[in-house]
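Asks: Quick one: the structure is below, and I'll ask about it shortly.
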Amino acid sequence: MGHGWEGVVLKLLRGKDFEFTVTGAEDVTDHFRRVHFTDGGMLAQTGVHPTMWVRIWFSNAGKPHQRAYTVVDADPAAGSFSLEFALHDGCASEWARKAQPGDTVEATLQGSGFTAPAPEPSHLFVVGDPASLPAINTLLDAMPRVPATIWFETTHDSDADLPLRVDPARHEVRRIPRRDGGADLVNAVTSQLPGLLDDRAGAYVWIACDTTTTRTLASYVRKELELPKDRVDALGYWRPVRSPDRSGGQDA
Ligand SMILES: Cc1cc2nc3c(=O)[nH]c(=O)nc-3n(C[C@H](O)[C@H](O)[C@H](O)COP(=O)(O)OP(=O)(O)OC[C@H]3O[C@@H](n4cnc5c(N)ncnc54)[C@H](O)[C@@H]3O)c2cc1C
């Protein structure tokens, strides 16, 4: 399919294009679905990094729209990986609900990267939700010895069953039901984080929730708590309100 102007812009920025083929899919909960793919040669070319994401092209009313999804369980030797979809309204969710073996999607890899914090954090503070759960898991995997506190925003009862790959010996999960557009999550983090920052220089904060909440919390951590820029990583993962002609989700 032609990608319209978004595709043109990404091409100019030297995005790499691949076609992924579905090999299987399973419902993890009633609002979260995992889809398995062969990678069309991507992983051998690009390698894998924590929180790695791809721009996938989905069709909506005949028009192409790109959406960002995180690569999990990547196996470069086998040329396979999975994507995990938090399900709601939207063309990506619609596609994932119906995905079955043999289905294909086009993807562009451009913009994804990860700079490992150095020195290794003494404590990792994570703020996320079901959309960033796949990335959170790759982050925790990448820092197996680092203790972590994770504020995890939930919307559905079944979000309690989502597979955060935590080790209770080192990781503490604080589940916060989503209310008032993320206000409860903001309150929880701003009231609890300062008391947990024993070692400011060693802390590393990673934030990925809706764009408004992410912006608020990133600003709080950088300006009010005065954590250095290279110890804070924040990216809005989804827009709480979207007009019908918007596409994307990657550029918060
Ligand atoms: C770097 C990056 C990595 C990402 N990785 C993943 C991933 O691995 N898994 C994943 O599920 N998402 C991930 N996302 C988020 C995903 O790209 C967005 O949620 C995207 O908007 C979904 O597209 P859609 O077509 O389903 O819905 P859209 O057409 O974008 O939106 C339709 C409606 O659903 C609402 N909506 C969109 N996303 C959400 C959400 N997450 N929760 C609640 N309501 C929502 C919108 O406000 C809108 O009202 C990632 C985003 C980024 C930037």
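Asks: Cut-off is 10 Å between beta-carbons; in what order do Leu196, Leu235, Leu124 appear when sorted fewest neighbours first?
Replies: In increasing order of surrounding Cβ atoms, one gets Leu196, Leu235, Leu124.
Asks: Same structure again: For the chain, find the longest principal axis of its Cα atoms and tell me its angle to the long axis of helix 183-196, 0 to 90°, nearest 10.
Replies: With both axes taken from Cα atoms, the answer is about 50 degrees.
Asks: Which FRET efficiency, nearest 0.05, do Val241 and Asp73 yield, Cβ-Cβ r, R0 30 Å?
Replies: The pair Val241/Asp73 has a calculated efficiency of 0.40.
Asks: Something else now. Is the shape of the stretch 4-109 rounded, prolate or oblate, going by the alpha carbon gyration tensor and its root eigenvalues a ≥ b ≥ c, with a/c under 1.5 for rounded and a/b larger than b/c for prolate?
Replies: Taking the square roots of the gyration eigenvalues as a ≥ b ≥ c, the stretch 4-109 is oblate.
Asks: Rounded if a/c is under 1.5, else prolate if a/b beats b/c, else oblate: with a ≥ b ≥ c from the C-alpha gyration tensor eigenvalues square-rooted, which is the stretch 123-234? Walk me through the intermediate numbers first.
Replies: Working: a/c = 1.67, a/b = 1.10, b/c = 1.52.
Oblate.
Asks: I want the local charge near Arg33. Using Cβ-Cβ distances under 9 Å, sum +1 for each Lys or Arg and -1 for each Asp or Glu among the other residues. Walk me through the numbers before you get to the answer.
Replies: On the way: positive: Arg34, Arg97; negative: Glu26, Asp27, Glu84.
Net local charge, Arg33 excluded: -1.
Asks: Counting Lys and Arg as +1 and Asp and Glu as -1, what is the net charge of the other residues whose Cβ lies under 10 Å from the Cβ of Ile136?
Replies: Value of the local net charge: -1.
Asks: Next question. Ordered by packing density, taken as the mean number of other Cβ atoms within 10 Å over each peptide's residues, highest first, how do 146-153, 40-47 rank?
Replies: 146-153, 40-47
Asks: Which order do peptides 132-143, 167-178 fall in by mean Cβ count within 10 Å, highest first?
Replies: Answer by packing, highest mean first, reads 132-143, 167-178.
Asks: Whose amide H sits under 5 Å from the amide H of Asp233, counting only residues 5 or more places off or on another chain, with H placed in the peptide plane?
Replies: Under 5 Å from the amide H of Asp233: Val205, Trp206, Ile207.
Asks: Let me ask something else. Could you tell me whether the chain comes out rounded, prolate or oblate from its Cα gyration tensor? Rule is a ≥ b ≥ c as square roots of the eigenvalues, rounded for a/c under 1.5, then prolate if a/b exceeds b/c, otherwise oblate.
Replies: prolate
Asks: With a sphere of radius 14 Å drawn around the Cβ of Leu225, what net charge do the other residues whose Cβ falls strictly inside it have (Lys, Arg +1; Asp, Glu -1)?
Replies: +1
No lab work stands behind these numbers, since they all come straight from the coordinates. Nothing here was measured: the structure is a model prediction, and the numbers come from that model. With ideal geometry, Cβ positions are generated from the backbone for all residues, glycine too; neighbour counts draw on all protein chains shown.
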